[in-house]
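Below: one structure, written as structure tokens.
The values are calculated or read from the model by the stated rules, or taken from the named source; none is laboratory data. None of the values given here were measured: they were computed from a predicted structure. Here the Cβ is made from the backbone with ideal geometry for all residues, glycine too, and neighbour counts use every protein chain on show.
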């Protein structure tokens, strides 16, 4: 089975043309960085018509997830490069509904993740969290310095806390200006990743609702900078999506 390895800001994926129905053990073995291809997750892309493709996404542990922002942008690039769609703007069907995408002239991809939903503010241990639903769950922590935050220890603890029976993604964020946020992300079923599109959108939305930033925000992640624009349609993310190599899964 042929695959393409892709990445968006270092958030990397195995991309396969669908339809397929892999088992959790297959996904985890393919994503293994020592005995497999190595990736944060698996993307399946299936052409529907000249304006629509469908995506499914599995985390590296084999669990299927509702949404993946950087994966959505990689799906857009993958479909366009194969000539499945007409023009630079089309729709990707996801588990949480249709999402418009646009390939820009600068080589980046802009995608609508939908309308964020602000949840509760809670405490787990001595940590204050703010919940945001982006179609997938996020728990955001404001910290003074993301680069020295206990991402692995706190992230794994919060991901599997009893308050989140299905797990959650965890963001460690700091405001760096009226349009700048620094961010590290612990992804559910993966661990720390270099970037997370839905996590960036959730964090920008929370910061905007709290009056800390405007509606256009640049988020600096370990893999690079992702732009988030908030409007009446919801949260748009914009950044690069690149092919790394191609191969065959045995």
>> Can you tell me which residue is nearest to residue 190 (Cα to Cα) among those in segment 28-60 that are surrounded by fewer than 16 Cβ atoms within 10 Å (Cβ to Cβ) and touching a strand residue (DSSP E or B) at 6+ places or on another chain (Cβ under 9 Å)?
In response: 38
> Residues of segment 195-221 being part of a loop (DSSP other than H, G, I, E, B) and either under 13 Å from the mean Cα position of the chain (by Cα) or surrounded by fewer than 17 Cβ atoms within 10 Å (Cβ to Cβ) (or both), which ones?
Replying inline: 195, 196, 210, 211, 212, 214, 215
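Report whether or not residue 9 is over 18 Å from residue 239 (Cα atoms) and touching a helix residue (DSSP H, G or I) at 6+ places or on another chain (Cβ under 8 Å). If you could, list the steps in order and put the result at the bottom.
Values: over 18 Å from residue 239 (Cα atoms): no; touching a helix residue (DSSP H, G or I) at 6+ places or on another chain (Cβ under 8 Å): yes.
Judged against the criteria, residue 9 is not a match.
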> With respect to residue 171, is the statement that it is surrounded by 16 or more Cβ atoms within 10 Å (Cβ to Cβ), within 15 Å of residue 69 (Cβ to Cβ), at pLDDT 95 or above and outside the structural domain of residue 39 (by TED's automatic domain parsing) true?
Replying inline: yes
>> Please go through segment 109-137 and give me each residue that is over 19 Å from residue 232 (Cα atoms) and buried (at least 19 other Cβ atoms within 10 Å of the Cβ), ordered by number.
In response: 109, 129, 130, 131, 136, 137
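Take residues that are on the phi > 0 side of the Ramachandran plot and tell me which of the strands (runs of 3 or more DSSP E) falling wholly in segment 78-127 contain 1 or more. Lay out the reasoning, then the answer.
On the way: elements: 89-94, 97-103, 108-114, 117-124.
Result: 97-103, 108-114.
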